[in-house]
């Protein structure tokens, strides 16, 4: 009777370990993506100051910033969902 209980506990612990590893991988990828976003935004800042009256550039900046906000919102939601699951 004790052996099945121990085996079940080991399976549960292994599952928790896999979930934690997946969460760490997701977190690492999120941090990497934010670093890439930061690097990619630097030229936008330079161009923004040089071409203040360019509607196309303004729209491109708007689109880029909206994508960043969407990405951050999705990442936040994923972290909150994981937190609710107890990961």
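Each label point is 7 Å from the Cα along the Cα-to-Cβ direction; what then is the distance between the points at residue 51 and residue 83, in nm?
Roughly 4.0 nm, to one decimal.
Neighbouring Cβ atoms within 10 Å as the yardstick, rank 52, 30 fewest first.
52, 30
A short reminder: the numbers here are calculations on the coordinates, not readings from a lab. Predicted model, so just to flag it, every value in this text is computed and none were measured. Ideal geometry is used to build each Cβ from the backbone, glycine not excepted, and the neighbour counts take in all protein chains shown.
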